[in-house]
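Shown next, in structure tokens, is the structure this report addresses.
The values are calculated or read from the model by the stated rules, or taken from the named source; none is laboratory data. None of these values were measured; they are calculated from a predicted model. We place every Cβ from the backbone using ideal geometry, glycine too, and count neighbours over all the protein chains shown.
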Amino acid sequence: MRLLFSSDFHGSEVAFRGFARTLAGGPFEAGILAGDLLDEWLSADQVDRLLGTSSPSVSTPEGRLTRALTVRRQQLQSILEASGKPLFFVLGNHDVTPWPDTSTMTNLDGAAVEFRGQRFVGYRWTRMDRYPEELEADLPALAALVDDRTILVTHSPPWGVLDGVPGSRFRFGLKTLHRVPTPRLHLFGHVHECPGVQGNAINGAWPALGRFFSVDPETLRAEVVDPLPSP
């Protein structure tokens with residue numbers, strides 16, 4: 001099995017279209033996205049383009065933003081679904097807009113999903129959007145889902161693994177992730193400056209890389225792949 005993996009698109013249509021084209025046209029059985037698919041804000045011009053300058057059913061700026069984000073999510077989700085291949089995902093700390101499951105897209109957060117002999121488990125929370133006691137309270141349920149054949153998909157890295165700029169003392173990872181059973185693969189993003197591979201862990205953050213990862217969970221081989229060009 002080969003998987004196409006990335007993270008942290010932050011609403012970039014270039015990233016979404018490139019991922020969908022590459023997933024559809026490459027030797028991949030499924031796609032994986034590790035959160036921050038869409039940001040929590042849009043400019044006033046973007047809101048107007050998505051909703052029109054008048055929207056009788058939504059009158060407040062906050063309501064218009066919420067509605068516009070939903071419309072944008074629908075557009076981006078349609079791009080991904082057009083690949084025609086299964087896609088598994090978690091959301092991230094910037095994802096305030098819900099992404100519902102569809103016939104091809106499955107939200108892994110808090111769940112274990114079997115797909116072609118592989119076990120996928122997801123967890124979306126980070127130190128930026130959950131208190132330490134909440135992260136600690138989540139640990140038993142997450143640990144119960146993970147075993148040595150699991151492909152674990154989280155938005156946050158584990159503490160000390162591709163989670164901070166080299167030489168910096170500040171880390172963004174979660175210490176609790178070191179206390180779940182060791183998965184076969186751990187896929188994540190969140191820290192844009194640290195895409196790469198470390199052991200069985202892969203940070204797929206798109207912003208600094210501009211490319212995706214091809215991952216083979218059987219051999220544990222991971223390779224950077226360029227987006228397929230548009231026709």
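I'd like the full set of residues that are of a type in the set (Phe, Trp, Tyr) and more than 21 Å from PHE89 (Cα to Cα), limited to the stretch 160-189. Hit for the stretch 160-189 is PHE170, nothing else. Looking across the stretch 83-97, the residues that are in a loop (DSSP other than H, G, I, E, B), within 14 Å of GLY35 (Cα to Cα) and touching a helix residue (DSSP H, G or I) at 6+ places or on another chain (Cβ under 8 Å) come down to VAL96, THR97. When restricted to residues that are hydrophobic (A, V, I, L, M, F, W, C), within 15 Å of the chain's Cα centre (by Cα) and closer than 17 Å to VAL153 by Cβ, the stretch 1-22 contains 5. Look through the stretch 159-178, keep the residues that are of a type in the set (Lys, Arg) and surrounded by 13 or more Cβ atoms within 10 Å (Cβ to Cβ), and return whichever of them is nearest to GLY110 (Cα to Cα). The selected residue is LYS175.
The residue list THR66, THR106 contains one member that is assigned to a strand (DSSP E or B), of a type in the set (Val, Ile, Thr) and over 21 Å from PHE172 (Cβ atoms), which is THR106.
Charged (D, E, K, R), modelled with pLDDT of 95 or more and at negative phi, is that true of GLU62?
For GLU62, the condition - charged (D, E, K, R), modelled with pLDDT of 95 or more and at negative phi - is not met.
A single member of VAL153, VAL113 is outside any loop (DSSP other than H, G, I, E, B), in contact (Cβ under 8 Å) with a residue 12 or more places away in the chain, within 19 Å of HIS10 (Cβ to Cβ) and of a type outside the set (Gly, Ala, Ser), and it is VAL153. Among the residues making up the stretch 116-149, a single one is touching a helix residue (DSSP H, G or I) at 6+ places or on another chain (Cβ under 8 Å) and in contact (Cβ under 8 Å) with a residue 60 or more places away in the chain: VAL121. Candidates are the residues of the stretch 199-213 that are touching a His at 6+ places or on another chain (Cβ under 8 Å) and either of a type in the set (Gly, Ala, Ser) or closer than 11 Å to VAL225 by Cα (or both); the one that is surrounded by the most Cβ atoms within 10 Å (Cβ to Cβ) is ALA205.
The residues of the stretch 216-225 that are surrounded by 15 or more Cβ atoms within 10 Å (Cβ to Cβ) and either within 15 Å of the chain's Cα centre (by Cα) or in a loop (DSSP other than H, G, I, E, B) (or both) amount to a single one, PRO217. If the condition is being under 13 Å from the mean Cα position of the chain (by Cα) and not aromatic (Phe, Trp, Tyr), then the stretch 99-132 contributes MET105, THR106, ASN107, LEU108, ASP109, VAL121, GLY122, ARG124, THR126.
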